[in-house]
Each structure stands twice: as structure tokens, then as C-alpha cells.
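Participant: Quick one: the structure is below, questions incoming.
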Amino acid sequence: MAQWKLKSASESFAKAIELKRDDKKLYLHKAQADQLRGEKEAAIAACRKALEIDSSYAEAYVMIGDTLRYDKERVDEAEAAYRSAIKANPKVVSSYENLGELLLSKKDEKGAEESFKKAMELDPKLMAGRFPLGRLLVKQGRLKEARTLWEGRTTDKENTFPNFITVLERSEKLQQATEALARKPNDPEVLLQMGYAILEGDSWVVDGRQGRAIVHFKKALEIKPDFAVAQYAVCKAYIQMADTYKDKNKNVDEELAKLR
């Protein structure tokens, strides 16, 4: 399995099970190999066998949930599996963390928040669920609470991109820029910073923010026609858009000519 030879791994675990049919962990290992190679039914069957040996084996329920959580037709089964895991053993951290992620996909933000907080409470390092909860708080505009979560971390390690701290800092910059613009709506420098705060994000993601940013950059240029930095920002935004929509190249050429 470490070499990603998942079919061979599954077959090896199956042979091991023949030698020791009462070892629930062997079934779980086989389930993991089957899940990773896309054999959902085989994975679930292995988990069911493990539960026949030990009906309180929470990790087997979690594996069932993990196997089904991305299947839109079986999300409810996945949720039921996670809740069964919690009922079987309320101290398995992954049950709460994974349930929280699933509830987010179902737009149950209140339930997700509760699950993430419970995961964090049970984790000795207080990290399980911390960053997903932080992302949720940022989405809800609860930036002070999100900042407190970040400050209370015990590690910076995260496998989700963009990282939580990146998402948080982008939102904080946007909030600060919005407040500054409300105070000085016709200040070219403030308009520039507002545009940059909107533009903040992965350059290859074209989601409408480039167009919204350009509005502020161009307003800054109307007030201060020789504002070269704002003209540069317009070019940058159009280049990002043209990378996805080639018809925007004409705008890039026109705006670069102005910049020169």
C-alpha cells in the first residue's frame, strides 16, 4: 500500500484475513486499500466484517463514512456512519472532524461548527478541526474569532490550500480596505489598496474578482491619470483574465500600451 500498489495490497490483506479471521484491524486495512483504489463496495464490506467482530469499532464506521462522503447519492449514509462512530466511541477525533466536513458540504454550518469544536476539544494538541473551523468563521465574517483560533494553534502544518492563515489574512486585508474606502472614497491610494484586496488570490483562479478589482483601479486613474501603479494593477488583472479567456488579450495590449 505504501508503494500505491493498491490491488496487490488488498489481495495481501485478504490472505492475511484467511489466516486470522478474528482480527478486526486486518479488515480495516483491506477497507482502506479498497477505498483508495475506488472499490467502494469492497471497502464497505470489509468494514461490515470488522463490525461483526466488534460492533463498537468506531474506526470501521469512520471508514464507511470516508468511503461514501463524496458520493452525492449516499451522503446521508456517510453521515449516519459518522454518527454511529460517535455513538460507538465518543472519543474518536476523526469522527467529529470528518462529520464536520460532510456537514459543511450539506450547508449545515451550525452542525459543522459544533463538530469541529468537539474534535478540537478531544485532540490532545487541540488542532483537529481547528483550521476547518477557522475557514468557516472567515466565510461567516467572524474574523476576530478566526484570528483567535490561529493564534491558539500548536502547529502551522496544513494540507489544504490555500492555507487557513492565507484565507484569513486575505479577508482581514479586504475588511481593512473596505473600512478605509468608506472613510476616503475618492483617495487614489485607498482605491488602489481596495482593488488589490479584491484581486488577492491565486492568479490562475478567474472568478470575477479581477473585474471587480479593475473598477477600483480605473477609478483611481480617473482621479489621478498619471498613477502608474494603478495602471500596472489594471494590466495585472487583465493578464490573469486573459490566461483563461483569450478574448481579453486585446484589453491587455491596450492597457500595457498605456502603462508604457
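The values are calculated or read from the model by the stated rules, or taken from the named source; none is laboratory data. Since the model is a prediction, treat every value here as computed from it, not as a measurement. Neighbour counts are summed over all protein chains in view; Cβ atoms, including those assigned to glycine, are modelled from backbone coordinates with ideal geometry.
Participant: Answer yes or no as to whether S56 is in a helix (DSSP H, G or I) and in the same structural domain as K24 (by TED's automatic domain parsing).
Facilitator: No, not satisfied.
Participant: May I ask you to list the residues in segment 1-53 that are surrounded by fewer than 16 Cβ atoms within 10 Å (Cβ to Cβ) and assigned to a loop (DSSP other than H, G, I, E, B)?
Facilitator: Matches in segment 1-53: A2, Q3, W4, K5, K20, R21, D22, D23, G38.
Participant: Can you tell me how many residues within segment 152-197 are within 20 Å of the chain's Cα centre (by Cα) and of a type in the set (A, V, I, L, M)?
Facilitator: So the count comes out to 4.
Participant: While we're on this one: Having 3 or more residues that are modelled with pLDDT of 95 or more and among the charged types (D, E, K, R) is the bar; report the helices (runs of 4 or more DSSP H) wholly within segment 161-260 that clear it.
Facilitator: In segment 161-260, the matching helices (runs of 4 or more DSSP H) lie at 164-183, 209-223, 249-259.
Participant: Give the residues of segment 185-210 that are under 17 Å from K248 (Cβ atoms), touching a residue at least 24 places away in the same chain (Cβ under 8 Å) and exposed (fewer than 14 other Cβ atoms within 10 Å of the Cβ), sorted by residue number.
Facilitator: Hits for segment 185-210 are S203, W204.
Participant: Separate question: Does segment 94-101 include one or more residues that are assigned by TED's automatic domain parsing to the domain that holds G65, within 30 Å of A43 (Cα to Cα) and acidic (D, E)?
Facilitator: Within segment 94-101, one or more residues are assigned by TED's automatic domain parsing to the domain that holds G65, within 30 Å of A43 (Cα to Cα) and acidic (D, E).
Participant: Residue check, I165 against (1) assigned by TED's automatic domain parsing to the domain that holds D243; (2) surrounded by fewer than 17 Cβ atoms within 10 Å (Cβ to Cβ); (3) among the aliphatic types (A, V, I, L, M), all met but one. Which one?
Facilitator: For I165, the exception is condition (1).
Participant: Here's another thing I want to ask about it. Among the candidates K125, K117, K157, single out the residue that is assigned to a helix (DSSP H, G or I) and either buried (at least 16 other Cβ atoms within 10 Å of the Cβ) or outside the structural domain of A220 (by TED's automatic domain parsing) (or both).
Facilitator: The match here is K117.
Participant: Also, I was wondering about something else. Only residues that are without any contact (Cβ under 8 Å) to a residue 12 or more places away in the chain, closer than 19 Å to V205 by Cβ and either surrounded by fewer than 14 Cβ atoms within 10 Å (Cβ to Cβ) or among the charged types (D, E, K, R) (or both): list them for segment 236-260, please.
Facilitator: Across segment 236-260, the qualifying residues are K246, D247, K248.
Participant: Now, a different point. With the condition kept exactly as written, say whether any residue in segment 76-83 is under 30 Å from R153 (Cβ atoms), hydroxyl-bearing (S, T, Y) and out of contact with any Cys (no Cβ under 7 Å at 6 or more places or on another chain).
Facilitator: For segment 76-83, residues under 30 Å from R153 (Cβ atoms), hydroxyl-bearing (S, T, Y) and out of contact with any Cys (no Cβ under 7 Å at 6 or more places or on another chain): present.
Participant: OK, next. Check off (1) more than 26 Å from A128 (Cα to Cα); (2) not assigned by TED's automatic domain parsing to the domain that holds L122 for M1 and give me the number that stays unchecked.
Facilitator: (1)
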